[in-house]
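Engineer: Mind having a look at this structure? Questions to follow.
The values are calculated or read from the model by the stated rules, or taken from the named source; none is laboratory data. Remember, predicted model here, so these are calculated numbers, not experimental data. Glycine also receives a Cβ, built like all others from the backbone with ideal geometry; neighbour counts cover every protein chain displayed. With ligands, DNA and RNA removed, areas are computed over all heavy atoms of the protein, side chains included. Shrake-Rupley method; radii C 1.70, N 1.55, O 1.52, S 1.80 Å.
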Amino acid sequence: MALLVAGLAAWEYFAGKPGEPHVLIDQYYVSKPSLIWEAMGLWVSQNLLWPSLWVTLQTTVIGFVLGALAGLVAGFVLGVSPFLASVCQPFVDAIYAIPRLALVPLFMLWFGIGIGSKLALVISVVAFLVFYSTYAGVKDVDHLLVDKLRLMRASRLQVHLKATLPSAMTFIISGLSVSAPYALVVAVTAEMMSSNRGLGYLLVQSANQFDTAGTFAAIFVLMIVGIALMLLIRLMEMWLLRWKPKRPTGRA
């Protein structure tokens, strides 16, 4: 915290208009913390910040949840079914190889320029990230444990609940951790390309007006949102993996 405060103080002190005392960096390029705060205050007074934040959060969270569910189900089904995996894997890999930004015009044609096209883009990114991590986790299950459960006359559902899903949980959490910030990045990118709402729109509007303070203000808000998403994922990881014993950190 002290390092952060010192960095902000140095930024405020050494940034400014060329020719002023102590100025080392032109504020046109990096702005100043005080100007960034003023830009955020102006957005609040104009009722721009909170509605824009809500639009971006809505797209990010809904797209993340739907994409994660789709990737989780698909990864689990293909992971436990080698036949389906062999049939579908080439098609999945081919679709995954398509650059996501190349799909933006198609999604706009299908769903319009509203939230639908942005949700489709976020879902398409998150679903594949969660799919591959879930698929790898299901394939990595301890087959000896599965055989023991079957010898104990466990049903297929019990095998998956007691062995397959817990074994894959670490991989699933890893996929969710990776895809959460990507969901935010994709949502903002889509807003920058075709939208008149959201933090992405505020960001590109500020940049087009050469408003450095506004641009940094949008980036700062996005950084806070990204940190909050990662904290939520870590809390979910702690809850879902509470059964897993912790590794000792010190030496005996």
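Engineer: The list (1) 1.15; (2) 0.94; (3) 1.29 gives values of Cα Rg over 2.2 N^0.38 Å, and only one came from this structure; which label was calculated from it?
Structural biologist: The listed entry that was calculated here is (3).
Engineer: On C-alpha positions alone, give me the angle between the axis of helix 2-14 and the longest principal axis of the chain, in degrees, nearest 10.
Structural biologist: In the chain, helix 2-14 runs at an angle near 30 degrees to the longest axis.
Engineer: Same structure again: Multiply the residue separation of W50 and V185 by 0.36 nm, subtract the distance between their alpha-carbon atoms, and state the gained length in nm to one decimal. Could you put the intermediate results ahead of the total?
Structural biologist: Values: separation 135, 0.36 × 135 = 48.60 nm, distance 1.85 nm.
Result: 46.8 nm gained on full extension.
Engineer: Could you sort 10-23, 178-191 so that the peptide with the highest average Cβ count within 10 Å comes first and the rest follow in order?
Structural biologist: Values: 10-23: 12.1, 178-191: 22.9.
Packing proxy ranking, top to bottom: 178-191, 10-23.
Engineer: Something else about it: Report the FRET efficiency, 1/(1 + (r/R0)^6), for M238 and K17, where r is their Cβ-Cβ distance and R0 is 45 Å, rounded to 0.05.
Structural biologist: Numbers: r = 48 Å, r/R0 = 1.07.
For R0 = 45 Å, the calculated efficiency reads 0.40.
Engineer: With Cβ to Cβ distances under 14 Å as the rule, what net charge do the other residues near P18 carry (K, R +1; D, E -1)?
Structural biologist: Local charge sum for P18: 0.
Engineer: Okay, next question. What is the chain's relative contact order, in percent, from Cα pairs under 8 angstrom and six or more apart in sequence? Write out the running numbers ahead of the final one.
Structural biologist: Working: 288 pairs, mean separation 56.3, N = 252.
Result for the chain is 22 percent.
Engineer: Compute the acute angle (0 to 90°) between the alpha-carbon long axis of helix 82-96 and the principal axis of greatest extent of the alpha-carbon atoms of the chain; round to the nearest 10°.
Structural biologist: With both axes taken from Cα atoms, the answer is about 20 degrees.
Engineer: While we're here: Residues of region 18-39 with backbone nitrogen within less than 19 Å of a virtual label 7 Å along the Cα-to-Cβ line of Q209, please, listed as ranges.
Structural biologist: Label zone hits: 27-39.
Engineer: How do K32, K118 rank by accessible surface area computed with a 1.4 Å probe, from largest to smallest? Before the final figure, lay out each step's value.
Structural biologist: On the way: K32 40, K118 10 Å².
So the residues, ranked largest to smallest area, are K32, K118.
Engineer: Return the whole-Å distance between the Cα centroid of region 108-141 and the Cα centroid of region 179-208.
Structural biologist: Centre-to-centre (Cα) distance: 18 Å.
Engineer: Under a 1.4 angstrom probe, counting protein chains only, how are S133, S86 ranked by accessible area, largest first? The partial results should precede the final answer.
Structural biologist: Working: S133 20, S86 75 Å².
Result, largest first: S86, S133.
Engineer: Let me ask another. Please name which of A85, L101, V204 has its Cα lying farthest along the dipole of the chain towards the positive end, using unit charges on Cβ (Lys, Arg +1; Asp, Glu -1) and the Cα centre as origin.
Structural biologist: Projecting each Cα onto the dipole axis, the largest value belongs to A85.
Engineer: With a point put 7 Å past each Cα toward its Cβ, work out how far N196 is from L106 in nm, to one decimal.
Structural biologist: 2.8
Engineer: Work out from phi, with θ = phi - 60° and the Karplus expression 6.51 cos²θ - 1.76 cosθ + 1.60, the ³J(HN,Hα) of each residue of region 60-70, listed in order in whole Hz, and give x for Gly and Pro.
Structural biologist: Once rounded to whole Hz, the list reads 5, 5, 5, x, 5, 5, 5, x, 5, 5, 4.
Engineer: May I pose another question? Multiply the residue gap between M230 and Y29 by 0.36 nm, knock off their C-alpha separation, and tell me the result in nm, one decimal place. Please report the intermediate quantities before stating the final value.
Structural biologist: Numbers: separation 201, 0.36 × 201 = 72.36 nm, distance 2.93 nm.
Fully extending the segment from M230 to Y29 adds 69.4 nm.
Engineer: Follow-up question, since we're still on this one. Please give, to one decimal in nm, the separation of the simple spin-label points placed at L66 and L8, each 7 Å out from Cα toward the Cβ.
Structural biologist: Taking the two extended label points, one gets 3.7 nm.
Engineer: Do the sum for the chain: with -39,500 (n - 2.57) for every DSSP H run of n ≥ 4, divided by all residues, what is the mean residue ellipticity at 222 nm, to the nearest 500 deg cm²/dmol?
Structural biologist: On the way: 12 runs with 191 residues, N = 252.
Taking each H run of at least 4 residues, the total per residue is -25000 deg cm²/dmol.
Engineer: Name the residue, out of M238, M169, M40, whose mean-square fluctuation peaks in a Gaussian network model built on the chain with Cα pairs under 10 Å.
Structural biologist: Fluctuation is largest for M238.
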